[in-house]
Amino acid sequence: MHPAPYEGPTVFGYETDLPLRRAAQISVHTSPLSALGGKDAGGMNVYIRELACHLADLGLPIDIFTRRVDPDTPAVQELAPNVNVVAITAGPPEPIDKNALVPHLSQFASEMALYSLREGVRYDVVHAHYWLSGRAAHLVKRYWDTPFLQMFHTTAHMKNAVAGVADRETDLRLRTEQRLCALADGLIAANPDERADLVWRFGTPAEKVCTIPPGVDLDLFRPGDRAACRTELGLAPDEPVILFVGRIDPIKGIDTLLEAMAILAADSTIEAKPTLLLVGGDLDASGAPTGPLAAVADAACAAGIDRFIRFAGSQPQDRLPRFYTAADVVAVPSRYESFGLVAVEALACGAPVVASRAGGLKFTIDEGVGGLLVPPQSASTLASALRAVLIDDSLRTSLAAGARPSVERFAWPAVAASMLHVYRRLAAGYRAHLCHDDEIFTESAGD
Ligand code: UDP
């Protein structure tokens with residue numbers, strides 16, 4: 001017997017009301033395959049990679065579209081089983097500053113559509129990361145009737161609120177983000193503050209915005225042998241060590257951390273001065289900081305604290321657990337963080353964290369359990385909190401004990417299950433009432 005003929009709507013002959021079979025992620029300006037810790041490769045790259053791999057584990061194949069920056073990159077690379085990274089030619093195949101990418105987005109969208117036609121694949125949901133990808137996802141709607149989810153990974157408004165004049169985001173980005181709140185079929189906020197901002201400032205209907213926090217790889221980030229890690233990193237067993245990990249960007253608050261280090265260096269009550277181990281940024285062939293990291297080194301020299309700082313440069317992510325394990329405390333002095341993956345990774349390794357009370361960090365850190373929160377951009381408060389953790393053994397021990405249990409709720413399988421739940425609802429047509437409330441995460445975690 002033949003199956004009943006399909007009578008629903010079609011686009012290019014594809015049925016449009018069948019269940020979720022494949023999803024596309026768009027990351028125009030940075031690839032999940034990029035080395036981490038550079039200027040434009042950090043938490044978002046990790047997030048896209050991990051989300052795609054865990055969705056594939058749950059049975060949903062994912063294609064990640066990113067702009068080609070090298071003519072020799074293969075058109076399709078398999079990141080994991082059922083996860084492909086597709087290089088799309090849009091503009092010259094070379095690195096371009098992200099603010100110069102807008103004129104190439106139309107070509108990006110049409111090349112995505114051509115790829116799907118050539119390969120005979122269709123997508124039931126498009127998930128766009130960052131505003132540039134959101135614009136591309138909207139342009140793809142010229143070709144596909146596929147709903148799209150937008151995730152900003154920090155809005156220009158939030159960034160500008162804490163940025164210096166030189167680092168302000170463009171009006172075009174501000175306007176585009178405002179438009180995307182109306183154009184997207186759904187939005188994912190990484191924390192309740194971000195959701196409130198999308199709803200109240202941008203006027204996005206609340207039922208379109210779901211809150212799903214970041215995930216962490218609890219298998220990679222786990223407590224290890226501290227003595228062995230210290231030996232491997234060339235740290236003395238009793239040397240007090242403060243660790244910083246992240247991109248070298250003003251939003252990370254490294255200036256505040258250097259000021260706090262100067263306060264600790266001048267504090268006569270601290271006998272053993274702490275070392276600041278700084279992971280991220282570039283080192284030249286001789287091991288000297290270069291690019292934006294050179295400016296950090298210059299500032300440290302000017303403040304007279306260069307002898308207390310060690311630059312490790314960017315590290316592959318699978319080397320980071322030994323840094324977190326070796327540290328006495330991990331400092332996350334950011335002016336703003338949408339996710340704050342570094343804080344969650346450190347806690348998963350059992351390291352106490354001292355972080356800014358800013359953005360996602362307020363929600364990912366259980367204050368007083370695994371870490372302490374301090375006001376952003378306050379060097380004196382940051383220095384006092386770091387000092388307390390370094391010199392008070394019982395505080396450090398109790399924070400270390402509480403650290404990992406406090407982040408077990410961010411295990412990737414549960415986070416990916418929540419996202420899959422949203423994808424399913426979107427693909428099934430719940431565009432007006434995507435999120436019944438903002439508790440999608442806890443509600444669906446057991447799905
Ligand atoms: N990271 C890394 N190597 C480095 C520096 C950072 O693998 O040298 C990774 C780190 O493990 C984390 C991400 O980059 O997963 C940074 O994410 P976070 O949310 O802390 O900051 P963002 O880059 O999103 O501002």
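The values are calculated or read from the model by the stated rules, or taken from the named source; none is laboratory data. Note that the structure is a prediction, hence the values are computed from the model and not measured. Please note: Cβ atoms are built from the backbone with ideal geometry, for glycine as well, and neighbour counts cover all protein chains shown. Protein only, heavy atoms only, side chains kept; ligands, DNA and RNA dropped before computing areas. Shrake-Rupley method; radii C 1.70, N 1.55, O 1.52, S 1.80 Å.
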message = Take the conditions closer than 15 Å to residue 133 by Cα and basic (Lys, Arg) and apply them to residue 49. Does it pass?
response = no
request  = Among what's in region 66-89 and is more than 17 Å from residue 127 (Cα to Cα) and touching a residue at least 24 places away in the same chain (Cβ under 8 Å), pick the residue that is most open to solvent (accessible area, probe 1.4 Å).
outcome  = 81
Residues within region 372-424 that are β-branched (Val, Ile, Thr), open to solvent by less than 30 Å² (accessible area, probe 1.4 Å), in a helix (DSSP H, G or I) and modelled with pLDDT of 95 or more, tallied = 2
remark   = Scanning region 140-178 for residues that are over 23 Å from residue 363 (Cα atoms) and exposed (fewer than 15 other Cβ atoms within 10 Å of the Cβ) gives 142, 145, 164, 165, 166, 167, 168, 170, 171, 172, 175
query = Could you list, in sequence order, the residues of region 23-35 that are open to solvent by less than 60 Å² (accessible area, probe 1.4 Å) and either at positive phi or at pLDDT 90 or above (or both)?
reply = 23, 24, 25, 26, 27, 28, 29, 30, 31, 32
ask   = Can we say residue 108 is aromatic (Phe, Trp, Tyr), touching a residue at least 40 places away in the same chain (Cβ under 8 Å) and more than 16 Å from the ligand (Cβ to nearest atom)?
value = yes
task = Look at residue 63 and say whether it is over 19 Å from residue 248 (Cα atoms), of a type in the set (D, E, K, R) and open to solvent by less than 10 Å² (accessible area, probe 1.4 Å).
result = yes
query = Counting only residues that are touching a residue at least 40 places away in the same chain (Cβ under 8 Å) and open to solvent by 10 Å² or more (accessible area, probe 1.4 Å), which one in region 346-362 is farthest from the ligand (Cβ to nearest atom)?
reply = 350
inquiry  = Condition (residue is within 16 Å of the ligand (Cβ to nearest atom) and open to solvent by 10 Å² or more (accessible area, probe 1.4 Å)) applied to region 259-270: is it met by at least one residue?
reply    = no
query = So, in region 273-296, of the ones that are aliphatic (A, V, I, L, M) and more than 16 Å from the ligand (Cβ to nearest atom), which residue ends up farthest from residue 347 (Cα to Cα)?
reply = 285
note = Taking region 42-60 and the residues there that are within 16 Å of the ligand (Cβ to nearest atom) and either open to solvent by less than 10 Å² (accessible area, probe 1.4 Å) or β-branched (Val, Ile, Thr) (or both), the one that is farthest from residue 280 (Cα to Cα) would be 52
query = In region 179-234, how many residues are part of a loop (DSSP other than H, G, I, E, B) and either among the polar types (S, T, N, Q) or out of contact with any strand residue (DSSP E or B) (no Cβ under 6 Å at 6 or more places or on another chain) (or both)?
reply = 19
query = What pairs can you find where one residue is in region 310-327 and within 8 Å of the ligand (Cβ to nearest atom) and open to solvent by 20 Å² or more (accessible area, probe 1.4 Å), the other is β-branched (Val, Ile, Thr) and assigned to a loop (DSSP other than H, G, I, E, B), and their Cβ atoms are less than 7 Å apart, with a gap of 6+ or different chains?
reply = none
remark   = Of the conditions (1) open to solvent by 20 Å² or more (accessible area, probe 1.4 Å); (2) modelled with pLDDT of 95 or more, the single one that residue 121 does not satisfy is (2)
note = Flagged pairs (Cβ under 8 angstrom, 6 or more apart or on separate chains; first in region 231-252, away from the ligand (no atom under 11 Å from the Cβ); second small (Gly, Ala, Ser) and open to solvent by 60 Å² or more (accessible area, probe 1.4 Å)) are 237/227
Strands (runs of 3 or more DSSP E) (entirely within region 274-368) containing at least 2 residues that are more than 19 Å from residue 400 (Cβ to Cβ) = 275-279, 309-313
